[in-house]
Amino acid sequence: MVIYIIRHGVTEWNALKKVQGIADIPLAEEGILLARETGRALRDVPFDLCFTSPLSRARRTAELVLGERCASVPIMEDPRIREINFGVLEGTRFKDEKGNVVNEQMGIFFQDPEHFQRPENGENIQDICARTREFWLEKTGDPALQDKTILVASHGCAVRALLRNVYPEGTPFWNGSVPPNCGVNIVEVKNGTARFLAQDRVFCKLPPCSTGNGMIT
């Protein structure tokens with residue numbers, strides 16, 4: 001089994017520096033172009049199926065990456081790989097125009113995520129790690145998928161949570177940074193063991209490339 005795990009493309013809320021969890025914000029034009037560019041780079045990958053977050057920015061990224069292959073590659077939505085729910089923090093400003101953090105809770109989310117308190121009506125890191133791990137164990141343990149090449153389209157925090165099943169024990173949650181928009185992690189799972197073939201790879205030729213902007217989407 002080979003799994004290509006991709007974070008979706010850029011949205012308008014990136015530029016506005018807003019907290020964007022389960023808010024269903026569509027891709028911006030730049031995000032669409034970036035996903036298409038990624039699809040061109042991956043055009044020779046023989047995907048057998050795709051799992052995507054139900055949020056439109058992730059599903060649209062998957063569709064653009066697959067391109068004409070959408071006609072033959074099943075795309076299945078799974079809420080377990082949806083972005084973290086920020087509850088009452090959704091839509092609030094995270095940074096000001098100068099890039100300074102203006103939301104203390106979100107500052108903790110990025111700097112010390114394990115101690116991020118669950119917002120009202122929202123989730124914490126432990127919540128998203130639990131549901132993404134359930135997805136991971138189910139798919140990697142499915143005998144019918146062992147010889148498949150799979151695309152997974154998700155979100156910044158959800159990607160890092162999912163990859164905790166691959167990182168060595170003790171790796172900090174963010175592994176150094178938020179995954180870049182349309183960054184691809186390639187994981188091979190063989191005989192129950194997972195290993196990286198590529199990490200946070202970006203196939204970007206767009207001027208400018210606004211990936212890795214530090215905003216959760």
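Below is a table of values for the structure above.
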item	result
Radius ratio Rg over Rh of the chain, counting only Cα atoms, Kirkwood formula for Rh	0.95
Spin-label zone in the range 1-31 - amide nitrogen under 17 Å from a point set 7 Å from the Cα of R118 along the C-beta vector	22
GluC sites (Glu not before Pro) within the range 84-154: DSSP coil, no more than 13 neighbouring Cβ in 10 Å	E97, E120
For the range 155-196, convex hull volume per residue from C-alpha positions, Å³	68 Å³
For the range 95-109, Karplus couplings with θ = phi - 60° (6.51, -1.76, 1.60), whole Hz, Gly/Pro x	10, 8, 4, 8, x, 7, 5, 10, 10, 4, 4, 6, x, 5, 4
Spacing of the two label points (7 Å from each Cα toward its C-beta) at Q146 and M76, in nm	1.8 nm
Considering only the chain, percent of DSSP beta bridges that pair antiparallel, nearest 5	50 percent
Cα pair distances in the range 95-205, grouped into 10 Å bins until the bin that holds the longest one, percent each	12, 40, 32, 13, 3, 0
For the range 1-76 and the range 152-208, distance of Cα centres in Å	15 Å
Gain upon complete extension [K190, E104; 0.36 nm per residue less C-alpha separation]	26.8 nm
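Readers should treat all values here as calculations from the given coordinates under stated rules, not as data from a laboratory. Just so you know, these numbers come straight off a predicted model, no measurement behind them. As a convention, Cβ positions derive from the backbone with ideal geometry for all residues, glycine included, and neighbour counts pool all protein chains shown.
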